[in-house]
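**Q** Quick one: this structure, given as structure tokens, is what I'll be asking you about.
The values are calculated or read from the model by the stated rules, or taken from the named source; none is laboratory data. This structure is a prediction, so every number in the text was calculated from the model and none was measured. We place every Cβ from the backbone using ideal geometry, glycine too, and count neighbours over all the protein chains shown. Only protein heavy atoms, including side chains, enter the accessible area calculation; ligands, DNA and RNA are left aside. Shrake-Rupley method; radii C 1.70, N 1.55, O 1.52, S 1.80 Å.
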Amino acid sequence: MKINWENIDPQNRKIIQKVTNDFFRNSKISHKIEPGQTTVSNGETIDHKINYKNIGSKDLKDVLVKVVLPQGLDFVNSNQGNFSKDESALTVNIGDLASDTSGSINISTKVADDVKDKDILVVAASIIYTNPENNTQEDAIDYALLDVVKKDSNLAAASIFGNGDFLPNTLIGWITLLQALGAIVMIGQKLYM
């Protein structure tokens, strides 16, 4: 399996991973999963859109879309298909898909409260179809990675002091801490003098 990284922003850890299999290089279908955002927090609702299109010259048969949600991402609803809690997957039976025809599926999910900070949630969308040229079943897979930033009551302090440690680990954190200590000393001097 060949992995192609198409869009990486390492500073914010926003990653969209595209996986292609050399065997299916001449795929008859194009699809992409697009999350509403790639950085998520516990309790947030995230909308995903799966776009698909028959890019071949012939009609495809038995087209099926399956979207698998990871642990930590709960299904809310979709505009079509059936969701299985056991598989944590949405299955949409498209049926026949004419040449140069496209469509989309919308899914709404919610980030679970128990996700951990810096977790990565992987949403996978696969399309399975029958190739009319050789009557074989083929598939295409796309992934979206969601980077978790956990919400806390200490979120403001964590952003000022680095990552929520007791002592700051950034220059801005140390400057802020020293300013706060200086202000406390000045207030103390004015109160007791």
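**Q** If r is the Cβ-Cβ distance from Ile128 to Thr39 and R0 is 30 Å, what FRET efficiency results, to the nearest 0.05?
**A** On the way: r = 31 Å, r/R0 = 1.02.
Step by step, r from the Cβ atoms, then E = 0.45.
**Q** Probe radius 1.4 Å, ligands and nucleic acids ignored: give me the carbon and sulfur share of the accessible area of the range 60-107 as a rounded percent.
**A** Details: 1040 of 2610 Å².
Exposed carbon and sulfur together represent 40 percent of the surface.
**Q** Sticking with this one: Of Lys53/Lys151; Lys28/Lys118; Lys32/Lys58, which pairs sit farther than 26 Å apart, going by alpha carbon to alpha carbon?
**A** Working: Lys53/Lys151 37 Å; Lys28/Lys118 36 Å; Lys32/Lys58 21 Å.
Correct reply: Lys53/Lys151; Lys28/Lys118.
**Q** Testing the spin-label approximation: label points 7 Å from Cα along Cα→Cβ at Gln80 and Leu145. State their distance in nm.
**A** 3.1 nm
**Q** Grab the other residues whose beta carbon is less than 15 angstrom from that of Ile105, score K and R as +1, D and E as -1, and report the net.
**A** Numbers: positive: Lys32, Lys49, Lys53, Lys66; negative: Glu34, Asp47, Asp142.
Net local charge, Ile105 excluded: +1.
**Q** Test of understanding: extend the Cα→C-beta vector of Asn135 to 7 Å, then name every residue of the range 84-101 with backbone N under 19 Å from that spot.
**A** Only 96-97 pass the distance filter.
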